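Input: a single structure, listed below in structure tokens.
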Amino acid sequence: MLGLAKKRWLGPTCGVLGVLLLVGRAWGQGQPLLVVDGDTVTAGEFLYSYQKNQAVRGNENTLALEPFLESYVDYRLKVADGRHMHLDTVRQYREEYERYRNAQLASMILDSAAVEAAYRAAYDRMLREVDASHILVAITPGRSQNEALRVALQLREQLLKGGDFATLARRESDDMSAKWNGGRLGYFSAFTMVLPFELAAYALPVGDVSEPILTRFGYHLIKVHGVRPSRGRMRVGHISMWVPDSAMQVQRDSARAAVGRAYVAAKAGESFDSLMRRYSPSAYAAGEGERYPWVSAGNVPVWFYDKAFSLHEDGEISQPFESPLGWHIVKRIAYEPVPPYGEARERLRVLMRQSGEMVDDERAFIAAVRRMEGARVDDSAGAVLSKRLMDLNREKARSDPFDGLVVGEANGEKLSANSFFHWTIGRGIALRDMHGEAVQRLVEQFVDAVAVELATKRLASENPQFGYLVHEFRDGLLLFEVSERKVWAASLNTEDTLREYYKLHRKELFFDTCFSVEEYSAGDLSDLLPIADRLRKGKKLGISRRAMERAGITMRDMRLGTDHPLMRGYATGKALGQESSSSEAWSEGCLGPLPWRGGGKLYRVVKRQVRVPMGYEESRPEIIARLQKERERRWVESLRRECAVEINTEAVQWAKRQLEER
């Protein structure tokens, strides 16, 4: 049974314990099945969520409707708590949701000619690659959006007066890479940058500096250096041996030799698939699409792109080459030039949806929404508001200088200046220093936002599936935000909390299977070679730990469970997965020596035991997982006690019949 109680911020409820049965109503797709914190979920939306959950689970792991309803109520309670915390007003959340919603809305309301124009515009970008630099002015807790815009405008003014872009980028940009590349991004292709940045760069004439462009990262100033025809895209295989900056020459030589062996084997006819499995196991473990990715300008480092596109035939393999990251070989799997428009259209549709593009020019989208909702902006609103704001600042205004002032209308309703101010406050926009045209642009954005919201509600009522999709995305974003704060945040796991849990539950914390492992570390990898040789031959080392330490070698005893990356490699006999990118594999109970942070490491399994108690450090990951689970359980229990939950049992029965009939 689900608890029902009053909570001040929920508004009035009946106050009866237990489930409130909403009886005596007609049931059907549009009827309420669930009400949580005043938020109604219709029978159709609940059924949509259930069927989508089952599709993810698969036929062999289905969940009955009643247990799903229990978990679904918990989900809705968490989302309601996120709204109570006003997380839906956070700028990043709001912008991501609005971008997705508008993209879905645009695909439904724009006429075929407008949609076709949008596809053609995107295809035109696919035909070109742009070489650009940028300066980023980030929006941070200590720098508001208005302040970031002010700084960006000042930097642009310096550039227009002849300032050197690269010098200014190195000194002022919040993009850390600008310190060494002067903000130079090199050539990039369509759909490799965030959408506002891409659209601005592709529209900018060569040599010009853009106005500040707002993205989720902050404001960007962009300068275009050149434009060239697109080189298309290439699917490649890649084998690499990572070498850290601090690596000694022996490590670099070892990496070069390993890549050289892979190259020789590949040229001799061994399959690249098997070579990746042996030399780059983490890359091989990815799905085939990630194992052999499509490479285009802008989605990989320049040094990798140039090497890949120097290959002229499918199946061709590069010579081993060195990069800032280590040694590599690349195999060309397939090449695809930009296809004709007709063939590219479906790919364009997917890419445009993924990027949040409205399947059209934004102006056409806004124009269509305005027509749909009869939205209109008062052309004089900006000037009138500016004057009254100035009067207010000079204390010349009457008590309510905005009473009765209308800035526009939508769906036959007048939009007041006070509602406009409420909208700006919700977005953290300060009007104090804005005048004339700037205020007028904000008024237009406000009227457009109202029209888009009205259009969303209208289409959701006409096409419930559209509404379900938008609600699902909105609530999923909110669930992530609230869970981060309530359950996952690292700040919740203080050292005192972890140690107290271990003290109380240490008898419950043990390895199902425990491996005792010796770890040998040295500042010079070559110092570990004779030790590895003796251990693999089963010989005693013939040297004490103290003597090893004097020789610069340290030994550490570790206990590891089967889920540790080292032991997963041990179980399969394959290479180390997460500890290193080395291609070495376990043999004779040993792994290594491996290059590691300027030196080397060697591992040896000494023994295997079952049900071994964990020490504190060993149990930290398990303790954190348990605390998160317990934190979530208490959170949900609290929400169930405090929040009003109403379930319409007739609507639940209707949903069950729909499933049975299908």
Handout entry: Distance between region 480-502 and region 306-340 - C-alpha centres, whole angstrom
Key = 45 Å
Exercise for the section: Rank these by accessible area, largest first, 1.4 Å probe: F480, F191. Expected result: F480, F191
Problem - Straight-distance crosslink candidates among lysines, where the alpha carbon sits under 27 Å from K601 and sequence neighbours closer than 8 are dropped - result: K537, K539, K540, K574
Exercise for the section: Round to the nearest 10 and give me the degree value, 0 to 90, for the angle of helix 249-267's Cα axis relative to the longest principal axis of the chain. Expected result: 80 degrees
Handout entry: Angle between the chain longest axis and helix 417-426 axis [Cα atoms, degrees, rounded to 10]
Key = 10 degrees
Handout entry: Å³ per residue enclosed by the Cα convex hull of region 70-140
Key = 177 Å³
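Below 8 Å, C-alpha to C-alpha, sequence gap of six or more: please give me the relative contact order for the chain in percent.
Values: 1015 pairs, mean separation 130.3, N = 662.
Normalised by residue count, the contact order of the chain is 20 percent.
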Problem - Around L160: net Lys/Arg minus Asp/Glu count, Cβ-Cβ under 13 Å - result: -1
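Thinking of the chain as a set of Cα atoms, what percent of all their pairs are more than 38 Å apart? Don't jump to the answer; show the numbers that get you there.
Details: 120274 of 218791 pairs.
I get 55 percent for the Cα pairs in the chain exceeding 38 Å.
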Handout entry: Reachable aspartates and glutamates from K486, criterion Cα separation under 17 angstrom, eight or more residues apart if same chain
Key = D74, D81, D88, D475, E630, E632, E637, E642
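Just the number, please: carbon plus sulfur as a percent of the accessible area of region 462-569, 1.4 Å probe, no ligands or DNA/RNA counted.
51 percent
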Exercise for the section: Using only Cα atoms, tell me the angle between helix 495-505 and the longest principal axis of the chain; keep it within 0 to 90° and round to the nearest 10. Expected result: 70 degrees
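Suppose only helical runs count, i.e. DSSP H with n ≥ 4. What mean residue ellipticity at 222 nm does that imply for the chain under -39500 (n - 2.57) per run, divided by all residues and rounded to the nearest 500 deg cm²/dmol? Provide the component values of the computation, followed by the final result.
Details: 25 runs with 319 residues, N = 662.
-15000 deg cm²/dmol, from helical runs alone.
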Handout entry: Residues of the chain: accessible area per residue with a 1.4 Å probe, Å²
Key = 52 Å²
Handout entry: Where N is the number of residues in region 495-554, Cα Rg divided by 2.2 N^0.38 Å
Key = 1.72
Exercise for the section: Identify all lysines with a Cα-Cα distance to K656 below 18 Å; exclude those on the same chain that are fewer than 8 residues away in sequence. Expected result: K52
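The values are calculated or read from the model by the stated rules, or taken from the named source; none is laboratory data. Keep in mind the model is a prediction, meaning the values are calculated, not measured. So basically every Cβ, Gly included, is an ideal-geometry build from the backbone, and we count neighbours across all protein chains shown. We work out accessible area using only protein heavy atoms, side chains counted, and drop any ligands, DNA or RNA first. Shrake-Rupley method; radii C 1.70, N 1.55, O 1.52, S 1.80 Å.
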